[in-house]
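The values are calculated or read from the model by the stated rules, or taken from the named source; none is laboratory data. Values in this document were obtained by computation on a predicted structure and should not be read as measured data. Don't worry about glycine lacking a Cβ; one is built from the backbone with ideal geometry, like all the others, and counts go over all protein chains shown. We work out accessible area using only protein heavy atoms, side chains counted, and drop any ligands, DNA or RNA first. Shrake-Rupley method; radii C 1.70, N 1.55, O 1.52, S 1.80 Å.
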Amino acid sequence: QVQLVESGGGLVQAGGSLRLSCAASGGAFSSWRMGWFRQAPGKEREFVANSWTTGATYYAESVKGRFTISRENAKNTVYLQMDSLKIEDTAVYYCAADTPPRGISWNPGSYDIWGQGTQVTVSS
């Protein structure tokens with residue numbers, strides 16, 4: 001019923017930028033807490049950023065000051081603007097929805113619905 005579809009990943013040189021998008025269909029998007037997570041080979045999925053229903057945002061320390069999460073409720077879309085990319089940012093990036101917001105906001109297990117992921121590769 002509810003689907004999340006990420007787009008915007010690709011290959012970028014260190015120091016460059018990418019903008020990821022996640023479009024939701026079905027459900028009450030404006031009532032969801034939306035999150036971005038990433039997973040590199042051999043590592044656990046980790047929190048990147050989230051957007052609360054109020055518009056408040058929260059970031060992992062590793063991306064704070066470089067990444068920006070935003071949402072357009074009228075378009076059922078959440079974005080992740082990534083600037084000053086580093087090689088260590090290379091991962092598959094996933095968007096997720098917490099419906100309704102209940103658990104620990106930086107814990108992947110708190111999120112109910114996940115997109116398919118989009119690959120971000122940062123080269124030297």
**Request:** Mind counting the residues in the range 1-19 that are farther than 18 Å from residue 29 by Cβ and of a type in the set (Val, Ile, Thr)?
**Result:** 1
**Prompt:** Going by the structure shown, is residue 68 closer than 18 Å to residue 110 by Cα, open to solvent by 60 Å² or more (accessible area, probe 1.4 Å) and of a type in the set (S, T, N, Q)?
**Reply:** no
**Prompt:** Of the residues that make up the range 100-118, is at least one farther than 13 Å from residue 52 by Cβ, of a type in the set (D, E, K, R) and either touching a helix residue (DSSP H, G or I) at 6+ places or on another chain (Cβ under 7 Å) or in contact (Cβ under 8 Å) with a residue 40 or more places away in the chain (or both)?
**Reply:** no
**Request:** Within the range 24-51, track down each residue that is hydrophobic (A, V, I, L, M, F, W, C) and surrounded by fewer than 17 Cβ atoms within 10 Å (Cβ to Cβ).
**Result:** 28, 40
**Request:** Take the residues in the range 68-88 that are in a strand (DSSP E or B) and free of Cβ contacts under 8 Å to residues at least 24 places away in the same chain, then tell me which one is farthest from residue 34 (Cα to Cα).
**Result:** 68
